[in-house]
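The values are calculated or read from the model by the stated rules, or taken from the named source; none is laboratory data. Nothing here was measured: the structure is a model prediction, and the numbers come from that model. Ideal geometry is used to build each Cβ from the backbone, glycine not excepted, and the neighbour counts take in all protein chains shown.
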Amino acid sequence: MDDPTAPKVGVGPHPEPWPTAEKYDPELLRDGDRRNVGDEYRYWTMAAIRADLATRKAGLHIAIQNWEHDFNIGSMVRTANAFNVDGVHILGRKRWNRRGAMVTDRYLEVHHHEQVSEFFDWLAARKITPIGVDNLPGSIRLETAELPKDCCLIFGSEGP
C-alpha cells in the first residue's frame, strides 16, 4: 500500500493524446514517470535517453581505483553522469556500493578492469590519454590544465 504522506517525485500519467514517437515508453505515459531524470527525458525509454546522451558526450572518461574501499565511487559516478562523460572505469574489485550512484549508472557506460594493464591497453587501443589526478606537491591545478579532447582522469583509492 502506498504511503499517502510520502512526497511524490517525478510526474504523473501523461495527458491524452499521448505522443507517438518511438522514444516514449507506453508504460511511463500511462503510469507516470517517477525516475530521477531531467524533465526533457520524461516518459522516454532508457534506450532513448542513452542514445540522446551519446550524441553529446564530452570525450572524457573517468577511472576510479577500487582496491580497498568504495566510499566515494557512487558519488563520482553521479558526478560523471552530470558531466555526461563517455565512460566510467572501475579499476580493481568489481563490486562497489551502487546506492551512492542513485541509479545514474544506468545512463553511463561503466567498464570494469580487474588489472591496471588491461585498463591501459583499453585506453591505448582507443587513443585516450590517461591523466592521473592527485593533490601532491608539484601537481598542476586541474582547473588550469590543458586537457586533450579524448582523455581519462584517473582517481586513486581513498584510505590507507
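For region 69-90, the criterion of a residue being modelled with pLDDT of 90 or more, of a type in the set (G, A, S) and surrounded by 13 or more Cβ atoms within 10 Å (Cβ to Cβ) is satisfied by at least one position. Residues of region 127-137 that are more than 30 Å from N36 (Cβ to Cβ), part of a loop (DSSP other than H, G, I, E, B) and at pLDDT 90 or above: K127, P137.
Residues that are of a type in the set (G, A, S), over 25 Å from M46 (Cβ atoms) and either surrounded by 11 or more Cβ atoms within 10 Å (Cβ to Cβ) or modelled with pLDDT of 90 or more (or both) do not occur anywhere in region 93-116. Reported count of residues in region 10-19, each being surrounded by fewer than 10 Cβ atoms within 10 Å (Cβ to Cβ) and either at pLDDT below 95 or in contact with a Ser or Thr (Cβ under 8 Å, 6 or more places away or on another chain) (or both), is 0. Within region 144-160, if we keep just the residues that are modelled with pLDDT of 90 or more and of a type in the set (D, E), the residue that is surrounded by the fewest Cβ atoms within 10 Å (Cβ to Cβ) turns out to be E146.
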